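**Student:** Before we start, here is the structure in question, set down as C-alpha cells.
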Amino acid sequence: MDRNRRIEALSVIQRIKEHELDGHAAQMGQIRVQQAQLQTEMSDLQHRVDTEAHINTPEAAPFLAGFLQAIETRRAFLQQELQKLDEKAALIEGRLFETYTEARTNEAVLDKSLLEKRKEADLAETTSLEEVARNRYLRQMANKP
C-alpha cells in the first residue's frame, strides 16, 4: 500500500515537473520572438541609414545629423532591450535545466518503483500459481489408489 502511495505521489510530481518544463519552454519561446523582433528592427534601422543617410540637396544637410542621432539613440535603446532579454533568457535556461534534471531524476525513481511493484506482483502471481499447482498435485496423489 505504501508503495502505491509513493507511486501516485511520484506521478503527481512528474506531471508538475512536466508542466513547469512546458512553462519554461513557452517563456523561452516568447523571449526568442521578442529578440527576433528587436534584431529585425535593428536591421531595418541599418537599412534606413544605408539608404537615407545621403545628402541630396543642401537643404537636407541640417536634418541628416538629427536623423543619424535619432537612429543611434534608437539603436542604443534596442541594444539595452536585447541585453535585458538575454539576461532573462539565461535565468529561464537555468530554471529549465534545473527542472529538466529534477524531472529526469523523478522519472527514474518512478520507473524503479513501478518495476519493483511489477516484480512484486509477478512474484505474488508465481507464488499463487505454484500453490495451485502444488494443491492439484497433492489432490492427484491423494486420489491415486
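**Student:** Using the Cα centre of region 29-90 as origin and beta-carbon charges of +1 (Lys, Arg) and -1 (Asp, Glu), tell me which of Gln37, Leu68, Ile55 is placed farthest towards the positive end of the dipole.
**Tutor:** Gln37
**Student:** Can I ask one more? Quick check: residue separation of Glu72 and Asp22 times 0.36 nm, minus the Cα distance between them. What number comes out in nm?
**Tutor:** Working: separation 50, 0.36 × 50 = 18.00 nm, distance 3.80 nm.
Going from the current span to full extension adds 14.2 nm.
**Student:** First compute the accessible area of region 82-145 with a 1.4 Å probe, then give the percent of it belonging to carbon and sulfur atoms. Write out the running numbers ahead of the final one.
**Tutor:** Numbers: 2980 of 5260 Å².
That fraction is 57 percent.
**Student:** Straight-line reach from Lys119: which aspartates and glutamates have a Cα under 13 Å away, not including same-chain ones fewer than 8 places off?
**Tutor:** The reachable aspartates and glutamates, counting only those whose Cα sits under 13 Å from Lys119, are Asp111.
**Student:** How far is helix 61-143 tilted, in degrees, relative to the longest principal axis of the Cα atoms in the chain, given as a value from 0 to 90 rounded to the nearest 10?
**Tutor:** Between helix and principal axis, roughly 10 degrees.
**Student:** Sequence neighbours fewer than 8 away in the same chain don't count; with that in mind, list the lysines whose C-alpha is under 21 Å from Lys17.
**Tutor:** Partners within reach: Lys88, Lys112.
**Student:** For Asn143 and Lys119 in the same chain, what is the full-extension length gain: residue separation times 0.36 nm, less their Cα-Cα distance, in nm? Each step should come with its number before you reach the end.
**Tutor:** On the way: separation 24, 0.36 × 24 = 8.64 nm, distance 3.58 nm.
Result for the pair: 5.1 nm of gain on full extension.
**Student:** Of Ile92, Phe77, Ala133, which is farthest towards the positive pole of region 50-145's charge dipole, taken about the Cα centre with +1 and -1 on the beta-carbons of Lys, Arg and Asp, Glu respectively?
**Tutor:** Ala133
**Student:** Would you calculate a helix-derived [θ] at 222 nm for the chain, using -39,500 (n - 2.57) for each DSSP H run of n ≥ 4 and dividing by the full residue count, to the nearest 500? Walk me through the intermediate numbers first.
**Tutor:** Details: 2 runs with 134 residues, N = 145.
When only DSSP H runs of four or more count, the value is -35000 deg cm²/dmol.
**Student:** Can you give the extra length, in nm with one decimal, that the chain gains between Val109 and Ser11 once fully stretched, where that is 0.36 nm per residue apart less the Cα-Cα distance?
**Tutor:** 34.3 nm
**Student:** Could you give the accessible area per residue of region 44-145, probe 1.4 Å, as a whole number in Å²?
**Tutor:** 79
**Student:** Here is a further query. Take the Cα of Thr127, step 7 Å along the line toward its Cβ, and report every residue of region 1-39 whose backbone nitrogen sits under 19 Å from that point.
**Tutor:** Taking a point 7 Å out along Cα→Cβ of Thr127, the residues of region 1-39 whose backbone N falls under 19 Å are 1-5.
The values are calculated or read from the model by the stated rules, or taken from the named source; none is laboratory data. Keep in mind it's a predicted model, so treat the numbers as computed, not measured. Positions of Cβ are backbone-derived with ideal geometry, glycine not excepted, and every protein chain shown enters the neighbour counts. The accessibility values were calculated without ligands, DNA or RNA, using every heavy atom of the protein model including side chains. Shrake-Rupley method; radii C 1.70, N 1.55, O 1.52, S 1.80 Å.
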